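Let me begin by presenting the structure, written as C-alpha cells, before commenting on it.
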Ligand code: MEV
C-alpha cells in the first residue's frame with residue numbers, strides 16, 4: 001500500500017534571519033505543496049526518487065526517516081517518491097515541507113501516530129541536523145498551516161487571525177544556501193555587534209507591529225518595505241531580488257521584500273488587486289512569478 005503525505009511551502013512575511021537570534025517572525029503557509037509517497041519494501045533498502053532535482057543525496061528525507069524510525073521504535077525498507085508544486089531550495093520552505101511530509105508518511109506506513117506538535121519538532125530536528133542552525137519557523141508553518149506568529153525564545157507559535165493575503169512570489173531561479181546565509185549574517189554580527197543587534201531588534205519590532213496590522217485587516221506594505229531595507233543591511237540581498245522588489249512596487253504592490261534566507265531564492269510582494277500586474281512586472285525582469293494564497297491546512301495524508 002502506498003501512503004502519500006503532503007505539506008505546504010511557506011513565505012516569511014516578516015522576521016527572517018532575526019528569528020535565528022530570538023526575535024519574533026510572521027510566516028504563512030502557501031497553496032503549493034510537496035508530496036511524499038511511501039511504500040514498504042520486502043528488503044531493508046531505502047530507494048528515494050523525485051520529479052524535481054532536490055539536494056544531492058536527499059539529506060532531509062534520510063534524516064526524517066531515521067528520526068521517525070527512532071520515534072516509532074520500528075523501521076523497514078522503503079520506496080519514497082517526492083513530487084513538488086514549487087521549486088526546491090527556493091526560499092519557500094521545501095526542506096521543512098519535505099521533512100514533515102516524510103515523517104507523517106513513514107509513521108503512517110508503520111501504523112504509528114505522531115501528534116502534530118511532535119511532527120513539527122521532528123521537522124525542526126531534521127533541519128538543524130542538515131543545516132546546522134534553523135529556527136522553528138519553517139517546520140511550524142508547514143506542519144500547522146495558516147499564518148503564524150513565532151516567538152522562538154519561548155518556542156511559542158500563535159495563529160494570526162487574518163483573512164486572505166494577496167501575494168506574488170518572484171523566484172530568481174537560483175537557490176540561496178540557507179546555511180551559508182545564516183553564517184554570513186553571523187559573521188557580520190561578530191564584526192559589528194552593536195550595529196547588527198540594533199538591526200535585528202528592529203526587525204523583531206516590525207514583526208510585532210505587523211501582527212497588529214494584519215489582525216486589524218490593515219495594509220502591511222510599508223512594514224514589508226522597511227523589513228526589506230533591513231535585510232539588505234544584513235547583506236542577504238542580491239541585485240536580482242532588488243530589481244524584482246522595485247518592479248513589483250512600481251507595478252502597484254503595496255509592499256515587497258526578500259522572503260526566506262535571500263542570496264537568490266525568492267522575494268514576495270503584497271499586492272491587493274494588483275497580483276496580475278505585479279506578476280507580469282516580475283516576469284519582465286526575468287523572474288519566475290508565482291501567485292500564491294495562504295493555505296490553512298498544514299501537513300496531511302492525501303486520500304484517494
Ligand atoms: C529561512 O527560511 C529563514 C531563516 O530565518 C533561517 C531560519 O529561520 O531557520 C533565514
Original post:
Which residue out of 261, 269, 254 is within 20 Å of residue 173 (Cβ to Cβ), surrounded by 17 or more Cβ atoms within 10 Å (Cβ to Cβ) and away from the ligand (no atom under 16 Å from the Cβ)?
Top reply: 269
Subject >> Selection count, segment 101-154, where residues are out of contact with any helix residue (DSSP H, G or I) (no Cβ under 9 Å at 6 or more places or on another chain) and free of Cβ contacts under 8 Å to residues at least 24 places away in the same chain >> reply: 3
Original post:
Any idea which of (1) farther than 17 Å from residue 15 by Cα; (2) surrounded by 14 or more Cβ atoms within 10 Å (Cβ to Cβ); (3) within 16 Å of the ligand (Cβ to nearest atom) is the one residue 187 doesn't satisfy?
Top reply: (2)
Subject >> Test result for residue 20, under 13 Å from residue 6 (Cβ atoms) and either more than 16 Å from the ligand (Cβ to nearest atom) or not in a loop (DSSP other than H, G, I, E, B) (or both) >> reply: no
**OP:** Taking the residues in segment 104-139 that are within 13 Å of the chain's Cα centre (by Cα) and near the ligand (Cβ under 10 Å from one of its atoms) as candidates, determine which candidate is nearest to residue 4 (Cα to Cα).
**Re:** 139
**OP:** Could you tell me whether any residue of segment 41-57 is part of a helix (DSSP H, G or I) and either away from the ligand (no atom under 16 Å from the Cβ) or buried (at least 24 other Cβ atoms within 10 Å of the Cβ) (or both)?
**Re:** no
**OP:** Quick one: count up the residues across segment 16-52 that are touching a residue at least 60 places away in the same chain (Cβ under 8 Å) and under 21 Å from residue 104 (Cα atoms).
**Re:** 13
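None of the figures in this text is laboratory data; all of them are computed from the coordinates on show. Treat the numbers as computed from the prediction; the structure is a model and nothing was measured. Here the Cβ is made from the backbone with ideal geometry for all residues, glycine too, and neighbour counts use every protein chain on show.
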